[in-house]
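For reference, the structure discussed in these notes is given below.
The values are calculated or read from the model by the stated rules, or taken from the named source; none is laboratory data. Treat the numbers as computed from the prediction; the structure is a model and nothing was measured. Methodologically, a virtual Cβ is constructed for each residue, glycine included, from the backbone with ideal geometry; neighbour enumeration extends over all protein chains shown.
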Amino acid sequence: MKPLEVRRTSYPKAQEAVISRALELVKQSKNPIILAGNGVARRQAAGHASVEALRRFVRRSGISATHTYMAKGVLDPFSPQSLPAAGLQRPGAELANITQLAEADLVIAIGYDLVEWSPSLWNPKRDKIVIHVDSTAAELDGHYQPSVEVVGELDESLTELAERVEERKDRPIRTVNKPLAPMSKDSPAPFAPQQVVAAVREALAPEDIVVSDVGAHKVWLSRYYPTPVPNTVVVSNGLASMGIALPGAIAAKLVFPERKVIAFAGDGGFLMNVQELETAKRIGAAIVCMVLVDDRLGIIEANEKRIFGRAFATEFGNPGFVELARAFGIAGFAVPTVRELFPTLRRALDLGEPALVAVPWDHRANERIADRMP
Ligand SMILES: Cc1ncc(C[n+]2csc(CCOP(=O)(O)OP(=O)(O)O)c2C)c(N)n1
């Protein structure tokens, strides 16, 4: 039986008058901001034309931009106009880092999915003017009542907006995307999230892929992993199902066999679908599973402590992950010091067969997850 043919819906062009109205609102606004969502990267059939057009719109308008975790790669991470990613479902948490969003009078939401990151978190007082730019009409919500809906093919609408927006070079740039302070390479285990994320970035080329699981590690990866190429960081946010990293990485490897693929998972989420190591071995999917070992459901523990002042039953015992990998017939690596993390990752990635790297992970940073980023 042949697989069904992939069919692509094409949407009509956005109305001229609507685009003009949107640009008028941009002109009148004092503190506009762009909030890009995963819709910008989803329709790869357009060859990332939407991403190119979005980046041009950002550059020409001079407006700073943030994006949700699931939209990693849609903005140029090295542009001073790019703000940190947002996606943690906790009031105030991301606004502490993205003050421009807190202060904005106008939000241009592009390809934004409100299920991923609720508008109540960025528009708590419902006082922001919203421009909705997407291929379909807005899903309405008390905190998401667009004044204008630019509905049409995203790449076409963005090209039009980029072309016609007033070119500005005088807008304030207050980026907080500072490079990370160098950390001692000699630190013993467990390793700080920033160190681990930096090692992953160093080990992978821009086109390579990371599939994240769900937990505190997802937040650290989304915030600290510079992503120049769209669809190279796959994050399950919004409904956020744990257990996605390992099967997701196998799928990514099947689609892009020439790219390196890492499954980036907490110990809790990894063990939910650990049986898929057998699949990876059987079908020869050369993925690398990074298991972030902290013997607890990290984000849940941090939330319980914050809300109730203590945590209940969030710690658990783990199997020896190196032995577990070997029991599945795949290579397993331990990483005793952070200095060895990068070379170990490289070795695992170069094996050409599935491998597991057990990474001692410092969960203490989770308690500061809602604070301003260093
Ligand atoms: C299938 C599923 N069950 C439960 C949850 C709720 N949940 C979200 S994060 C989390 C803990 C994740 O722990 P771990 O995988 O160890 O990652 P860490 O937070 O330590 O980085 C839980 C239980 C979920 N998102 N998905």
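Scan region 89-112 and tell me whether some residue there is among the aromatic types (Phe, Trp, Tyr) and more than 15 Å from Ala22 (Cβ to Cβ).
The answer is no; no qualifying residue exists.
For Ser82, indicate whether it is under 30 Å from Gly215 (Cα atoms) and over 17 Å from the mean Cα position of the chain (by Cα).
no
Determine which single condition Asp267 fails, assuming it passes every other condition in (1) more than 25 Å from Gly39 (Cα to Cα); (2) more than 9 Å from the ligand (Cβ to nearest atom).
Just one mismatch for Asp267, condition (2).
Just to be sure I understand the filter: pairs with C-beta atoms under 9 Å, separated by 6 or more residues or on different chains, first member in region 128-145 and closer than 17 Å to Gln28 by Cβ, second member loosely packed, with under 13 Cβ neighbours inside 10 Å and of a type outside the set (A, V, I, L, M, F, W, C). Which pairs pass?
Ile129/Gln28
Does Glu276 fit the bill of being out of contact with any His (no Cβ under 6 Å at 6 or more places or on another chain), free of Cβ contacts under 8 Å to residues at least 40 places away in the same chain and within 16 Å of the ligand (Cβ to nearest atom)? Walk me through it before giving the result.
On the way: out of contact with any His (no Cβ under 6 Å at 6 or more places or on another chain): yes; free of Cβ contacts under 8 Å to residues at least 40 places away in the same chain: yes; within 16 Å of the ligand (Cβ to nearest atom): yes.
Judged against the criteria, Glu276 is a match.
Evaluate region 75-92: report whether one residue or more is among the basic types (Lys, Arg) and either part of a helix (DSSP H, G or I) or surrounded by fewer than 24 Cβ atoms within 10 Å (Cβ to Cβ) (or both). Explain how you work it out, then say what you get.
Quick first cut of region 75-92, residues among the basic types (Lys, Arg) only: 90.
Going one step further and asking which of them are either part of a helix (DSSP H, G or I) or surrounded by fewer than 24 Cβ atoms within 10 Å (Cβ to Cβ) (or both), we end up with 90.
Among the residues of region 75-92, at least one is among the basic types (Lys, Arg) and either part of a helix (DSSP H, G or I) or surrounded by fewer than 24 Cβ atoms within 10 Å (Cβ to Cβ) (or both), which makes the answer yes.
So, Ile283, is that one more than 8 Å from the ligand (Cβ to nearest atom) and closer than 15 Å to Pro354 by Cβ or not?
yes
Can we say Leu180 is away from the ligand (no atom under 16 Å from the Cβ), touching a helix residue (DSSP H, G or I) at 6+ places or on another chain (Cβ under 7 Å) and at pLDDT below 95?
Yes: the conditions hold for Leu180.
Please work out which one of (1) at pLDDT 95 or above; (2) among the hydrophobic types (A, V, I, L, M, F, W, C); (3) out of contact with any helix residue (DSSP H, G or I) (no Cβ under 7 Å at 6 or more places or on another chain) is the condition Ala370 fails and give its number.
Only one criterion is unmet by Ala370, namely (1).
Could you please find all residues in region 192-227 being within 19 Å of Ala252 (Cβ to Cβ) and within 11 Å of the ligand (Cβ to nearest atom)?
Ser212, Asp213, Val214, His217, Lys218, Leu221
Looking at region 20-39, is at least one residue under 22 Å from Glu139 (Cα atoms), of a type in the set (D, E, K, R) and more than 19 Å from the chain's Cα centre (by Cα)?
Yes; the residues of region 20-39 include at least one that is under 22 Å from Glu139 (Cα atoms), of a type in the set (D, E, K, R) and more than 19 Å from the chain's Cα centre (by Cα).
Would you be able to say whether some residue in region 58-73 is basic (Lys, Arg) and either farther than 28 Å from Asn366 by Cα or assigned to a helix (DSSP H, G or I) (or both)?
yes
When you scan region 265-374 for strands (runs of 3 or more DSSP E) that lie fully inside it, which ones turn up with 2 or more residues that are more than 22 Å from Tyr224 (Cα to Cα)?
331-334, 355-360
Out of region 219-235, which residues are of a type in the set (Ser, Thr, Tyr), closer than 21 Å to Asp371 by Cβ and touching a strand residue (DSSP E or B) at 6+ places or on another chain (Cβ under 7 Å)?
Passing the criteria: only Tyr225.
If a residue has to be touching a residue at least 40 places away in the same chain (Cβ under 8 Å), within 13 Å of the ligand (Cβ to nearest atom) and not β-branched (Val, Ile, Thr) to count, how many in region 286-304 make the cut?
Qualifying residue count, region 286-304: 9.
Out of everything in region 228-264 that is within 13 Å of the ligand (Cβ to nearest atom) and in a helix (DSSP H, G or I), what residue ends up being surrounded by the fewest Cβ atoms within 10 Å (Cβ to Cβ)? Don't jump to the end; show me each part of the working.
As a first pass, look at region 228-264 and keep what is within 13 Å of the ligand (Cβ to nearest atom): 235-247, 263-264.
Next, only the ones that are in a helix (DSSP H, G or I) stay: 245-247.
Details: Ala245: 33, Leu246: 29, Pro247: 16.
Per the criteria, the residue is Pro247.
If Ala358 passes every condition in (1) within 16 Å of the ligand (Cβ to nearest atom); (2) farther than 15 Å from Ala263 by Cα but one, which one does it miss?
Condition not satisfied by Ala358: (2).
Would you mention how many residues in region 99-119 are over 19 Å from Asp371 (Cα atoms) and not in a loop (DSSP other than H, G, I, E, B)?
Within region 99-119, residues that are over 19 Å from Asp371 (Cα atoms) and not in a loop (DSSP other than H, G, I, E, B) number 6.
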